[in-house]
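No lab work stands behind these numbers, since they all come straight from the coordinates. Just so it is clear, the structure is predicted and the values come from calculations on it, not from any experiment. Neighbour counts run over all protein chains shown; Cβ positions are idealised from the backbone, glycine included.
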């Protein structure tokens, strides 16, 4: 590679005149932004210029998309450039996102009666412990929404499911505040509302199941014990039978009452009809 020496500024004021010392051949070099950045040794600016020339997306737009939550790979694919070139501009923005996520963990969740005494990180760690999740495997991130406010996201895996919870972060005094943006975030902010699952015991087909609480659960209402017994139909009033060892007494006919001596005996119908008198008893 041959070295050139600068002769001076061209008469148009936009080019630099360079000359080959060996052949005395002169060259014109445009005095553009790249030349000025190269003269200052500004490598970052040179990389920005390369992206501007190779893509319609400007560096500020790339950083704006990174700040809005896109990854380096997503931006590189959209800009049509290599990942290495996007990383030059994404690095400071990624640091900003990471720092904001750390600050949000020190913020205080907003309750109905005001900000909580505990921080977001403390409440979430306690909630993870109650559910048996590994809090050390969860990851925090943040980005700036279209309204200019920061959104903080917590990502974790439970079994085979990927879970996320989002909060709105407002920096301020004493760490600032956070507010839940979805159901997962609300559940993590209220760990005391969690109840362990209860086992279900199935009864005979066609009958409802009875929920049996485990040792870790507290039933809402006392659980009644189910007894499988037929319900007797109402019967008519029947005299109870006598005991088997006592013979049943048979009522004898009452003896015919005899007339007393001092009272006359009334003649029978036969005496009146036949004109006879029956014998007196």
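Here are the numbers for this structure:
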read-out	value
Kirkwood hydrodynamic radius (C-alpha pairs) into Stokes-Einstein, the stretch 139-184, 37 °C and 0.692 mPa s, D in µm²/s	285 µm²/s
Stokes-Einstein D for the stretch 41-174, Kirkwood Rh over Cα pairs, 25 °C, 0.890 mPa s (µm²/s)	146 µm²/s
Cα-based equivalent ellipsoid of the stretch 106-193: semi-axis lengths in Å, sorted from largest, via gyration tensor	21, 16, 11
Taking all pairs of distinct alpha-carbon atoms in the stretch 32-95, Kirkwood radius in angstrom	11.9 Å
Sites residue 134 and residue 43 - FRET efficiency at Förster radius 45 Å, r taken between beta-carbons, to 0.05	0.60
Label zone at residue 179, where the point sits 7 Å out along the Cα-to-Cβ direction: the stretch 136-164 residues whose backbone N lies under 18 Å	143-153
Net length gained if the chain between residue 23 and residue 6 were fully extended (0.36 nm per residue, minus Cα distance)	4.7 nm
Efficiency of FRET between residue 64 and residue 88 - r from beta-carbon atoms, R0 22 angstrom, step 0.05	0.90
